[in-house]
Structure formats: structure tokens, C-alpha cells
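First the structure, in the form of C-alpha cells, and then the observations on it.
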């Protein structure tokens, strides 16, 4: 049994590097999709539902799309610039998610809705990439 566990552990070590890439792809694709769904600009739904100006609503859509694209690109650049891009995308995600919680989901603070929603995982992903950069 111990031999089996050691073989399993050694096999999984080969996939360890894939874990952070899968996490990166998941978070990045989610933001790209959320941003693209707000096109064409200005996003009328954001303007009407949240009473945002056309400029601010467009900025939100472009920020979501850009954060996802930069997070993806940053992961393929294996130098300090890639690390900075990843951290910048993570910071952008954190700032966006804090504002989304404060504006769109005020009733979610510290209850089951918060911890069963996609948004909390996007927020955690942003924190992760802001802290870890490309050392993830």
C-alpha cells in the first residue's frame, strides 16, 4: 500500500505545474467571457440597471476583458515583466470584485450566497495572482 501511495504521489508531481495554469486559465476565461458579454460598448444593461454613465460602463467591460487577457499573456512571459503583468491583472480583478460586491451584491456580505457564488472564487483568484504573480 505504501508503495502504491508513493507511486501515486510521484505521478501527481508531474502534473503539479499544470495546476496553476488550469487555475489561471479558469479565472482568465471567466473574466474574458464576462467582459465580452458586455459588448457592444457602451453596455446598455450596466447603464440601465446600475445607473452608470456610458463611459464608466464601458470602462468596466474593457477592464474585465483586459484583466483576463493580461492574466493569460502574463503566464506565458517567463521574466519579471510577465510577473508584473500577472500581478497587475490580479490587482485589477481584486479591485473590480470589491466594487462588484459593494455595488451589486451588498446583501451577500458574510452569508451563504457569498460563499456559493462564482464571484467569491474570482475574488480569491485575483488575490492569489496578485500575491503569487508568476511564481504560482
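Note on residue 98 and residue 29: their simple-model spin labels are 2.9 nm apart, each label 7 Å out from Cα toward Cβ.
Centre-to-centre, using Cα atoms only, segment 1-67 and segment 107-132 are separated by 12 Å. Think of it as helices only: each DSSP H run of n ≥ 4 in the chain is worth -39500 (n - 2.57), and spread over all residues that comes to -26000 deg cm²/dmol at 222 nm. Model label sites at residue 113 and residue 2, defined 7 Å from Cα along the beta-carbon direction, differ in position by 5.3 nm. The gain in end-to-end length when the residue 45 to residue 15 segment is fully stretched comes to 6.7 nm, 0.36 nm per residue minus the alpha carbon separation. Translational diffusion of the chain, estimated by Stokes-Einstein from the Kirkwood radius over alpha carbon pairs at 25 °C in a medium of 0.890 mPa s, is 151 µm² per second. Label-to-label distance for residue 77 and residue 127 is 2.7 nm, based on points extended 7 Å past Cα in the beta-carbon direction.
Treating the angle as unsigned and between 0 and 90°, give the value, to the nearest 10°, between the Cα long axis of helix 118-132 and the longest Cα principal axis of the chain. Result, in degrees: 60. With R₀ fixed at 25 Å, the C-beta to C-beta distance from residue 84 to residue 37 puts the FRET efficiency at about 0.35.
Coordinate-derived values only; no laboratory data. Only a predicted model underlies this, so the values are computations on that prediction, with no experimental measurement involved. When we count neighbours, we look across all protein chains shown, and the Cβ atoms used for this are built from the backbone with ideal geometry, even at glycine.
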